[in-house]
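The block underneath contains the structure these notes are about, expressed in structure tokens.
Nothing in this text is a laboratory measurement; each read-out follows from the coordinates by a stated rule. Not measured: the values here are computed from a predicted model. Neighbour counts run over all protein chains shown; Cβ positions are idealised from the backbone, glycine included.
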Ligand code: BMA
């Protein structure tokens, strides 16, 4: 009997401990993600992303709180600011950051955003239910040039390659960052990691023509394996080629369902608005089909209009018709860097009024709406 009581107490405590780390009453064992040892927070995030898809499309912005047009976040402890919030009174629900130069052990990323600032903002925004996605514009390990130095390098960082040691160090530094994302209770904050993006274009050293699809897939798998060796378990993995011509192109570099949690695609309106809407519809239909086969969530992982010119109604006339009813969990607009390189609106910008209308649509979700979904 004594033993039975001990046994019973042990398991009750264990169950309580498990419950403490989480806010929801989920059957975690039924949520399958790439990482077999994923933190509960990662499974919870996966669940929330799927729930979002039932309600609408979460609005996202890259570097949302780090800087905007005419301002830059000054330091770690000041209040959060965002161009989108200044226009609508609401924060983006999805907030993207880039980890380029974390591999070098730098304090700032390639766009001069301090990694400590990211951490601070992530902790604050996590409390409000935000979802975070990370891209990684890392340097070329062979030449030490940037991501856009497309000298072949992938084969040299795969197992047995000449630059392997360097690559393992780079992943170690990346791992330290991911492992440092904790809430105030010390529990992990789960995020979406979207490495090796736009691989079907040839502008990055991991892209088309600079490595073979097989090397790419191997790189993807080895990246995950290294992160797991470094005990990183708070990630969902997102795959995102640039605009595709069809399923065949989508599949060319796809590492397999066992290695991808979220399916994405990056589509900009570089070819003009009409073409943009057509591309959104056709590409998102392909991603939807592929995601449906594997029962995975999917998203428009990067988009934007880098040439608003006279497109004052771009949000309601072009972006929205292109994504409406597509089933994507989120749409992420690229960064507001400077007046000649911005992708979302800001106060005084030509499409500001139209953006407010877009924000008001029932199926376009901002932070307050996603917070409700997260808390359910
Ligand atoms: C690109 C541009 C670059 C930037 C990079 C990483 O698309 O915005 O200026 O350095 O993303 O954020």
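Here are the numbers for the structure shown:
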{"read-out": "Cα-Cα P(r), the range 224-311, percent of pairs per 10 Å interval", "value": "16, 43, 26, 13, 3, 0"}
{"read-out": "Relative contact order of the range 46-121, pairs being alpha-carbon contacts under 8 Å that are 6 or more residues apart, as %", "value": "29 percent"}
{"read-out": "The chain - mean residue ellipticity at 222 nm from DSSP helices (-39,500 (n - 2.57) per run, n ≥ 4, rounded to 500)", "value": "-11500 deg cm²/dmol"}
{"read-out": "Ranking of 177, 115, 167 by count of other Cβ atoms within 10 Å, fewest first", "value": "177, 115, 167"}
{"read-out": "Near-label residues of the range 29-49 by backbone N, under 13 Å of a point 7 Å along Cα→Cβ of residue 295", "value": "29-33"}
{"read-out": "Fraction of beta bridges assigned by DSSP in the chain that are antiparallel (%, nearest 5)", "value": "15 percent"}
{"read-out": "Viscosity 0.890 mPa s, 25 °C: Kirkwood-radius Stokes-Einstein D of the range 280-376 over Cα pairs, µm²/s", "value": "167 µm²/s"}
{"read-out": "For 187, 139, 63, order by how many other beta-carbon atoms lie within 10 Å, fewest first", "value": "187, 139, 63"}
{"read-out": "Quotient of C-alpha Rg and 2.2 N^0.38 Å, computed over the range 25-147", "value": "1.20"}
{"read-out": "Percent of beta bridges antiparallel (DSSP, the range 264-351, rounded to nearest 5)", "value": "10 percent"}
{"read-out": "The range 2-375: relative contact order as a whole-number percent, Cα under 8 Å and 6+ apart", "value": "22 percent"}
{"read-out": "Most fluctuating residue given options 81, 127, 173, as computed from a GNM of the chain linking Cα atoms under 10 Å", "value": "127"}
{"read-out": "Hydrodynamic radius of the range 213-265 per Kirkwood, over alpha carbon pairs, in Å", "value": "11.8 Å"}
{"read-out": "Shape category assigned to the range 2-375 from the gyration tensor of Cα positions, a/c cut at 1.5", "value": "rounded"}
{"read-out": "Fewest-first ranking of 180, 326, using other Cβ atoms within 10 Å as the exposure measure", "value": "180, 326"}
